[in-house]
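Beneath this line is the structure, given in structure tokens, with notes to follow.
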Amino acid sequence: MLISGSKTPTNWLSCNVVSARTSSSLPLHALPTGRLPAFFVSSPPRPGNNQIRSSAERQALFNSIAKVYDNLNDLLSLGQHRTWKRMCISWSGAKTGDRVLDLCCGSGDLAFLLSQKVGPTGEVLGLDFSREQLSIASRRQEFYWKACYKNIEWIEGDALDLPFSDSYFDAITIGYGLRNLVDRQKAMHEIYRVLKPGSKVSILDFNKSTSSLINKFQEWIIDNVVVPAAASYGLSQEYKYLKSSIAEFLTGKELEKLAEEAGFSKAKHYEIGGGLMGNLVATR
């Protein structure tokens, strides 16, 4: 289902909306010409290069791992990622009746948790650049049906050019997404723009620790657990990307500074999961 209109209250012109309630075949319509973000140019990661530089390459990577993404998350974190995601939701401050956004929503874990949090009177929008991930999220919406899940819409869109009017959301979450955006500063400015004053964004991701011991342990896990496990699905090259993406990410203090420079009044980064993960909470 494609909804077009102006930015009153939202501009859906440059994105697609996938609704599991209206289509069992889950069609994703072609984007209108003239507003095609750089995201949507599809090309595979360069062979032998574990540094994914362009948004098109990152999109191709997440499309390629979509079908096993959830299984690997459970396996590699021993299920702990579900606890971390619930913490992320709690820190967002989302409550019954709120309109909320799960940015870089992937296969929908945070969006489903948000749906339960805001309830049937609330509204959840899940936005991602990966068509394959959104298709899986929409199928999960049908399969794991709960009454509150009626409030979720899936949108293929650009995190750097959000198709929403100013001060539109009561809360925003991002799970393992900010690290993969090509322009984090622009993304934070967009998040600030669409958040209501006093509202929060909660951003969960791998932690780039200032502790060399934690960093070495994190690298060991990627080399000796994550990549071998991904190899069993034929995705070792795709998951080698993790190490370089974490190395190029920001420390907790740098994330706090990024949020403050975007205009947020308060920003606090929490280390969780023994320092392997982190969650930034920023208040507009």
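The values are calculated or read from the model by the stated rules, or taken from the named source; none is laboratory data. Fair warning: this is a prediction, and the values are worked out from it, not measured in the lab. Using ideal geometry, Cβ is built from the backbone for each residue, glycine included, and neighbour counts are taken over all protein chains shown. When the accessible area is computed, the model is the full protein with side chains, heavy atoms only, and any ligands, DNA or RNA have been set aside. Shrake-Rupley method; radii C 1.70, N 1.55, O 1.52, S 1.80 Å.
Computed quantities for the displayed model
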| read-out | value |
| --- | --- |
| Förster radius 35 Å - calculated FRET efficiency between W220 and S167 (Cβ-Cβ, nearest 0.05) | 0.20 |
| GluC sites (Glu not before Pro) restricted to DSSP loop in the range 195-284 with at most 12 other C-beta within 10 Å | E248 |
| Most to least accessible of V182, V226 (protein chains only, probe 1.4 Å) | V182, V226 |
| Full-stretch length increase - R193, T121 - with 0.36 nm per residue and alpha-carbon distance subtracted | 23.5 nm |
| Reciprocal of mean inverse Cα separation for the range 81-223 (Kirkwood radius, Å) | 15.6 |
| Percent of alpha-carbon pairs separated by more than 12 Å within the range 164-203 | 56 |
| Amide H partners (placed H, <5 Å) of F169, local residues excluded | L195, K196 |
| Extension gain (nm, one decimal) between E271 and S90, 0.36 nm per residue minus Cα-Cα | 63.6 nm |
